[in-house]
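Data block below; observations after.
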Amino acid sequence: MSVAMLVFIACGVIAVLGAIGLILAREPVHSALSLVLVMVALAVLYLLLGAAFIAAIQILVYAGAIMVLFVFVIMLLNAGVEVRTNLSRMARWLGIPLAIVFLVEMAYSLVHEYGQRAAAAGAVAGPVAASTHDLSVKLFTEFVLPFELTSILILIAILGALVLAKKEA
Amino acid sequence: MDFVTQHPVLVVSIIKIAIALFVIMTALAYLTWFERKVVARIQSRWGPYWVGPHGLLQPLADGIKFLFKEDIVPPTADKVTYLLAPFLALALALTTLALIPIGPASIQVLGQATQLVISHSPVGLILLFAISSMGVYGVALAGWSSNSKYPLLGGLRSSAQMISYEVSLTLSVVGVLLLAGSFDFYDIVGHQAGHWVHFFPRWEIIPQFLGFICYLTAAIAETNRVPFDLPEAETELVAGFHTEYSSFKFAMFFMAEYANMITVSCLATLLFLGGWLSPFPPPEAGSAWHWQLYLPAAGLIIGGIALIIGGLRSVQWNAKAVFPVLGIVCIGVGYLCTWASVMPVIQGPFWFLGKVFLLLFFYVWARGTLPRFRYDQLMAFGWKFLLPLSLINLVATGLVVVLRMRS
């Protein structure tokens, strides 16, 4: 087993544990921290795939900016411990079947995909070292429309926040 | 030896990490000594004086004191987060230093040629920002998990401050990135090589002076230091986010703060001050600038002689004994630096560490001179002055780069 494989398994386990912790933790700050753990584990997985830039941005944006704001807001509002309601009727009758369907679907597609990959022996592409330059060229030529639309979306969100904040004052 | 031959990179990395950790820990300890001495000098005091000659063993005494103090955990604290916060702060602060190269030369370790950096990444700069952006957690969680009024206020203040100033910090660096066209520290420094009119070094501080000012200001705020040390303002918040921390956990926050100071100084050196490049024209053989190769040795030998004379003239008996020995060691190391095999390797680290030291002095100087901001002033300064300034710098630099590409 190679070192990369070991790191992959470790990060996968950490990511799943973090996700479980996110749902099960009753303290909102603990949930937020679990989510940070998931983000960091994902960033390491990106690193393993040779996408160092994406990995760095993943940590910088998600773990370093968005989640910090989450934690900040939780602290500011001093949100208390969550009250646990045993599964609501909606969760019991709709949620559990849907979750099972989703898991089966995912397992099937994984197994199916893996079978096909194994059939096309050796066709598995190794990690591609995508340089930042290649990435930015793609971003500003092929994907320029979604990229600009995203920035407009964020601009709208900022304006919305400003309007709401003005109303309070 | 079998393991060494099988995993050369791993073993060499571990050796480098061990050496770097030792050096950084010592540097952190003596940075506190340096700061106390310089601030004392500014305020016409002596500073630490009695533990060892001129208080040289004070950091060691402080460390031992912290280790033996009772470790009090507040009963209402959120245990896991409370214990996690100082580790997070220190670990993240030390990790960023792994990405900082200190010289261009490669050295031989166990028959492996290796660079003077622990981890060389093509996206080094952005990776460094990513890791340091996580540093907020240490402070915020410490404030929250203590479950006490002052730490919570300190934690909230520092989160708000660090989030605000991180924007300016990152934007002020983008100008350098646009000019250098790379996230790799080696490329960024390489882009600053050469001289204008054969004399002025092509360091980014000249075209990016605005960016440098923004960076320096935002960096002081990022590291929570005077005049931006609102998170731990003693007069208002006892000790801010680490009020409830005692013993070595308290020391860890302090070490993290000093490690962050070193990191931002290293970053400023790499980005704006030409990293390990000498300010003088290249010292080719026969050139009039050849003498600069002997500067590290000369500095050490002069320092050693000064130590010997100062020690012999001192009134403290322990200074009389210790300083001459230190001086002789300095002269020995200085002589070592004139060897043909050592001299080219030592040049990069010499200039790099020299510039970092100047910046650290600037930090301490600022602390000894400036009063603290008021909280609303701090926020207004960050958002209404620093951010627009760094944006103007960014737009202007972008314009110049585009125009240059056109022509």
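Go through the range A:56-70 and give me each residue that's free of Cβ contacts under 8 Å to residues at least 24 places away in the same chain and over 12 Å from the mean Cα position of the chain (by Cα).
If the condition is that a residue be free of Cβ contacts under 8 Å to residues at least 24 places away in the same chain and over 12 Å from the mean Cα position of the chain (by Cα), then A:Ala56, A:Ile57, A:Leu60, A:Gly64, A:Ala65, A:Val68, A:Leu69 are the ones that fit.
So in the range B:312-327, with the set limited to residues that are exposed (fewer than 14 other Cβ atoms within 10 Å of the Cβ) and assigned to a helix (DSSP H, G or I), which one is modelled with the highest pLDDT?
Out of the qualifying residues, it is B:Val325.
In the range B:155-166, is there at least one residue being more than 9 Å from every other protein chain (Cβ to nearest Cβ), farther than 30 Å from A:Val81 by Cβ, buried (at least 24 other Cβ atoms within 10 Å of the Cβ) and in contact (Cβ under 8 Å) with a residue 40 or more places away in the chain?
Within the range B:155-166 (the criterion being more than 9 Å from every other protein chain (Cβ to nearest Cβ), farther than 30 Å from A:Val81 by Cβ, buried (at least 24 other Cβ atoms within 10 Å of the Cβ) and in contact (Cβ under 8 Å) with a residue 40 or more places away in the chain), the answer is yes, since at least one residue qualifies.
For B:Leu359, all conditions in the list (1) surrounded by fewer than 17 Cβ atoms within 10 Å (Cβ to Cβ); (2) in a helix (DSSP H, G or I); (3) touching a residue at least 12 places away in the same chain (Cβ under 8 Å) hold save one; what is the number of the exception?
So B:Leu359 meets the others, but not (1).
Which residues, counting only those in the range B:50-73, are part of a helix (DSSP H, G or I) and of a type in the set (Asp, Glu)?
First pass over the range B:50-73, keeping only residues part of a helix (DSSP H, G or I): B:53-55, B:58-68.
Selection gives B:Asp62 alone.
Please go through (1) farther than 30 Å from B:Trp276 by Cα; (2) within 11 Å of another protein chain (Cβ to nearest Cβ); (3) at pLDDT below 85; (4) in a helix (DSSP H, G or I) for B:Asn147 and return the number of the only condition it doesn't satisfy.
Result: B:Asn147 fails condition (4) only.
Among the listed residues B:Thr96, B:Thr76, B:Thr81, which satisfies the condition of being touching a residue at least 24 places away in the same chain (Cβ under 8 Å), among the polar types (S, T, N, Q) and not in a helix (DSSP H, G or I)?
On inspection, the qualifying residue turns out to be B:Thr76.
Could you grab me the full set of residues in the range B:65-102 that are acidic (Asp, Glu) and either within 14 Å of another protein chain (Cβ to nearest Cβ) or surrounded by 14 or more Cβ atoms within 10 Å (Cβ to Cβ) (or both)?
B:Asp78 - this is the single residue of the range B:65-102 that is acidic (Asp, Glu) and either within 14 Å of another protein chain (Cβ to nearest Cβ) or surrounded by 14 or more Cβ atoms within 10 Å (Cβ to Cβ) (or both).
I need a count of the residues in the range B:284-342 that are of a type in the set (Phe, Trp, Tyr) and more than 24 Å from B:Leu353 (Cβ to Cβ).
1
Just one of B:Gly332, B:Gly398 is small (Gly, Ala, Ser), more than 30 Å from B:His290 (Cα to Cα) and part of a helix (DSSP H, G or I); which is it?
Of B:Gly332, B:Gly398, the one residue that is small (Gly, Ala, Ser), more than 30 Å from B:His290 (Cα to Cα) and part of a helix (DSSP H, G or I) is B:Gly398.
Go through (1) over 22 Å from the mean Cα position of the chain (by Cα); (2) closer than 22 Å to B:Pro101 by Cα for B:Ser148 and report which single condition fails.
Condition (2) is where B:Ser148 drops out.
Of all the residues that make up the range B:107-144, how many are among the hydroxyl-bearing types (Ser, Thr, Tyr) and part of a helix (DSSP H, G or I)?
Going through the range B:107-144, the residues among the hydroxyl-bearing types (Ser, Thr, Tyr) turn out to be B:114, B:119, B:121, B:132-133, B:137.
Adding the requirement that they be part of a helix (DSSP H, G or I) leaves B:132-133, B:137.
Final tally of qualifying residues: 3.
Consider A:Leu37 carefully, then state whether it is more than 10 Å from every other protein chain (Cβ to nearest Cβ) and surrounded by 14 or more Cβ atoms within 10 Å (Cβ to Cβ).
When the stated conditions are applied, A:Leu37 passes them.
Among residues belonging to the range B:175-187 that are within 13 Å of another protein chain (Cβ to nearest Cβ) and of a type outside the set (Phe, Trp, Tyr), point out the one that is nearest to the chain's Cα centre (by Cα).
Once the filter is applied, the top-ranked residue is B:Asp184.
Looking only at the range B:328-340, count every residue that is surrounded by fewer than 18 Cβ atoms within 10 Å (Cβ to Cβ), hydrophobic (A, V, I, L, M, F, W, C) and either under 26 Å from the mean Cα position of the chain (by Cα) or more than 11 Å from B:Ile308 (Cβ to Cβ) (or both) and tell me the total.
Qualifying residue count for the region: 5.
Return the residues of the range A:68-110 that are farther than 30 Å from B:Glu166 by Cβ and within 14 Å of chain B (Cβ to nearest Cβ); say none if nothing qualifies.
A:Val81
Give the residue that is farthest from the chain's Cα centre (by Cα), with candidates limited to residues of the range B:103-134 that are farther than 21 Å from B:Leu270 by Cα and either surrounded by fewer than 20 Cβ atoms within 10 Å (Cβ to Cβ) or among the small types (Gly, Ala, Ser) (or both).
Ranking the candidates gives B:Gly111 first.
Could you list all residues from the range B:37-49 that are part of a loop (DSSP other than H, G, I, E, B) and either free of Cβ contacts under 8 Å to residues at least 12 places away in the same chain or touching a Cys at 6+ places or on another chain (Cβ under 7 Å) (or both)?
Applying the first criterion (part of a loop (DSSP other than H, G, I, E, B)) to the range B:37-49 yields B:43-49.
Matches in the range B:37-49: B:Ser44, B:Arg45, B:Trp46, B:Gly47, B:Tyr49.
Quick grid of which residues meet (1) modelled with pLDDT under 90; (2) charged (D, E, K, R); (3) under 23 Å from A:Leu76 (Cβ atoms); (4) in contact with a Ser or Thr (Cβ under 6 Å, 6 or more places away or on another chain):
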| residue | (1), (2), (3), (4) |
| --- | --- |
| A:Gly18 | no, no, no, yes |
| A:Ile23 | yes, no, no, no |
| A:Ser34 | no, no, yes, no |
| A:Leu49 | yes, no, no, no |
| A:Ile57 | yes, no, no, no |
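Which count do you get for residues in the range B:105-144 that are more than 9 Å from chain A (Cβ to nearest Cβ), under 12 Å from B:Thr95 (Cβ atoms) and without any contact (Cβ under 8 Å) to a residue 12 or more places away in the chain?
0
Exactly one condition in (1) more than 25 Å from the chain's Cα centre (by Cα); (2) more than 14 Å from chain A (Cβ to nearest Cβ); (3) on the phi < 0 side of the Ramachandran plot is false for B:Gly52; which is it?
Of the numbered conditions (1) more than 25 Å from the chain's Cα centre (by Cα); (2) more than 14 Å from chain A (Cβ to nearest Cβ); (3) on the phi < 0 side of the Ramachandran plot, the odd one out for B:Gly52 is (3).
Being over 26 Å from B:Lys320 (Cβ atoms) and loosely packed, with under 15 Cβ neighbours inside 10 Å: is that true of B:Ile14 here? Lay out the reasoning, then the answer.
Working: over 26 Å from B:Lys320 (Cβ atoms): yes; loosely packed, with under 15 Cβ neighbours inside 10 Å: yes.
It is true that B:Ile14 is over 26 Å from B:Lys320 (Cβ atoms) and loosely packed, with under 15 Cβ neighbours inside 10 Å.
Would you please name the residue that is nearest to B:Ala268 (Cα to Cα), looking only at residues in the range B:359-407 that are among the polar types (S, T, N, Q) and more than 26 Å from the chain's Cα centre (by Cα)?
Top of the filtered list is B:Thr397.
Name the residue that is nearest to the other protein chains (Cβ to nearest Cβ), counting only residues in the range A:15-32 that are over 13 Å from the mean Cα position of the chain (by Cα) and without any contact (Cβ under 8 Å) to a residue 40 or more places away in the chain.
Looking at residues that are over 13 Å from the mean Cα position of the chain (by Cα) and without any contact (Cβ under 8 Å) to a residue 40 or more places away in the chain, I get A:His30.
The values are calculated or read from the model by the stated rules, or taken from the named source; none is laboratory data. What you are looking at is a predicted structure, and each value in this text was computed from that prediction instead of being measured. Using ideal geometry, Cβ is built from the backbone for each residue, glycine included, and neighbour counts are taken over all protein chains shown.
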